[in-house]
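The structure appears below as structure tokens.
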Amino acid sequence: MENRREFIKKSTAVAAFGLIANWAGATPENDQFGEILPQRQLIRNGEKVTAFCLGGYHLGFTEDPKEAERMVERAMELGVRFFDNARRYHDGRAEEYMGRFLTPKYRDQIFLMTKAPARTGQGVRQQLEESLKALKTDYVDLWQIHALQTPEDVDNRIKDGVLDVFLEAKEKGEARYIGFTGHANPKTHLHFLSRLDEMGVEFDTCQMPINVCDPSFESFQHRVLPVLLEKKYGVIAMKTMAGGSMMGGRIDTTPEDILTKDIPDVVSKTELSMASLHQYVYALPVSSLCSGCRFTFELEENVQVLKNLKKLSESDMQLLEQYAAPYAGLIVENYKRIL
């Protein structure tokens, strides 16, 4: 494991790759719909995305299409141009909302990604076809292998043809770029990267948990992020508030044997705030922070943090980690597993 000084030295070395943004004095960019949020490089070829990405999962919570439309329209008004989704989010409803309210009006101005969780080549091929139909587009900008769980899961998906379909989709232009996601354990990500190296294959992106608790327990930040930076992967941060469990709430991955009363509200118990949680992530060499918003006021709060971003020193970062360290582990970070 690298110490912080070595990690920061390596992070600085990749600033030229565009992952670490210099916000001071930056000239805002605009498109026909208004001012765009600050952008960071995601792809090796220089392609950028907005540093905030609207997560697709929460969009699918509502059964009211008008509410989903308001979220999409507000995101565009606020300058968000990077949108996340996945085939099985709410049985496809999240993709269908974006297919109704996002792509028909804004396809040429946005960077659209979705993910396929199936574990066979036939399964992900079907899911890509379903995603394209639901999203009403001929291609996605980024298509990711969804939620790799264990090294064995990696090996089985490769054996069963998942990787082949992803490479074929990129070659055909159905997916401009390809990536992978997962939140269970850093060993899984490292194993997948090793398998890709063995086959001489290179993906474009990785989406993984990055937050103030992570450095203290089964850390993606310490173990996977430096490897991704060396390989010039775009890094998409997720679970920046541990999926909401840092606020004492239950999330989809919370085991039934964990009582709600035993989930600590880390923010209320410490000097941490929602803003500082996101400032911490933005201070790292990540391409974008992906966060789900149930209501438009949450989206507005997220965007405000980015637009008024506070630069953090090394000591600031260490202090935030110290606040969070006592709460790291399988209760708050219950999406992780020990391998």
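Quick check: anything in the stretch 126-143 hydrophobic (A, V, I, L, M, F, W, C), farther than 30 Å from Glu77 by Cβ, touching a Lys or Arg at 6+ places or on another chain (Cβ under 9 Å) and buried (at least 21 other Cβ atoms within 10 Å of the Cβ)? Yes - at least one qualifying residue is present in the stretch 126-143. Being touching a Ser or Thr at 6+ places or on another chain (Cβ under 6 Å), touching a residue at least 12 places away in the same chain (Cβ under 8 Å) and hydroxyl-bearing (Ser, Thr, Tyr) is a property that does not hold for Thr120. In the set (1) in a helix (DSSP H, G or I); (2) surrounded by fewer than 24 Cβ atoms within 10 Å (Cβ to Cβ); (3) of a type in the set (S, T, N, Q), Gln149 fails one condition alone, (1). Within the stretch 309-318, restricting attention to residues that are closer than 27 Å to Ile36 by Cβ and among the charged types (D, E, K, R), the residue that is surrounded by the most Cβ atoms within 10 Å (Cβ to Cβ) is Lys310. Taken together, the residues in the stretch 108-141 that are closer than 28 Å to Gln41 by Cα, in a helix (DSSP H, G or I) and of a type in the set (S, T, N, Q) amount to 3.
Quick check: is even one residue across the stretch 229-236 hydrophobic (A, V, I, L, M, F, W, C), within 19 Å of Phe166 (Cβ to Cβ) and more than 13 Å from the chain's Cα centre (by Cα)? Explain how you work it out, then say what you get.
The initial filter retains those residues of the stretch 229-236 that are hydrophobic (A, V, I, L, M, F, W, C), namely 229, 235-236.
After this cut, where a residue has to be within 19 Å of Phe166 (Cβ to Cβ) as well, the list is 235-236.
After this cut, where a residue has to be more than 13 Å from the chain's Cα centre (by Cα) as well, the list is none.
Taking every residue of the stretch 229-236 in turn, none turns out to be hydrophobic (A, V, I, L, M, F, W, C), within 19 Å of Phe166 (Cβ to Cβ) and more than 13 Å from the chain's Cα centre (by Cα).
Among the residues of the stretch 180-218, count how many are small (Gly, Ala, Ser) and in contact (Cβ under 8 Å) with a residue 60 or more places away in the chain.
Residues flagged as small (Gly, Ala, Ser) and in contact (Cβ under 8 Å) with a residue 60 or more places away in the chain within the stretch 180-218 amount to 2.
Inspection of the stretch 194-216 identifies no residue that is small (Gly, Ala, Ser), touching a strand residue (DSSP E or B) at 6+ places or on another chain (Cβ under 7 Å) and within 20 Å of Leu277 (Cα to Cα). Just give me the residues in the stretch 171-225 being part of a loop (DSSP other than H, G, I, E, B) and within 16 Å of Asp155 (Cβ to Cβ), in sequence order. The answer is Gly182, Ala184, Asn185, Val201. For the stretch 232-274, residues that are in a loop (DSSP other than H, G, I, E, B) and loosely packed, with under 14 Cβ neighbours inside 10 Å total 7. Every condition in (1) out of contact with any Pro (no Cβ under 6 Å at 6 or more places or on another chain); (2) not in a loop (DSSP other than H, G, I, E, B) is met by Ile338 except one, and the failing one is (2). In summary, Leu148 fulfils each of the numbered conditions (1) within 28 Å of Phe101 (Cβ to Cβ); (2) under 21 Å from the mean Cα position of the chain (by Cα) with the single exception of condition (1).
Only residues that are in contact (Cβ under 8 Å) with a residue 40 or more places away in the chain and surrounded by 19 or more Cβ atoms within 10 Å (Cβ to Cβ): list them for the stretch 100-112, please. Walk me through how you get there before you give the answer.
Restricting attention to the stretch 100-112, the residues satisfying the condition of being in contact (Cβ under 8 Å) with a residue 40 or more places away in the chain are 106, 109, 111.
Scanning the stretch 100-112 gives Tyr106, Phe111.
One residue alone among Leu277, Leu306, Leu299 is touching a residue at least 12 places away in the same chain (Cβ under 8 Å), in a helix (DSSP H, G or I), buried (at least 21 other Cβ atoms within 10 Å of the Cβ) and touching a Lys or Arg at 6+ places or on another chain (Cβ under 7 Å), and that residue is Leu299.
The numbers here are math on the coordinates, done by the rules we state, and not lab data. Given the structure is predicted, the values throughout are model-derived calculations rather than measurements. Cβ: placed from backbone, ideal geometry, glycine included. Neighbour counts: every protein chain shown.
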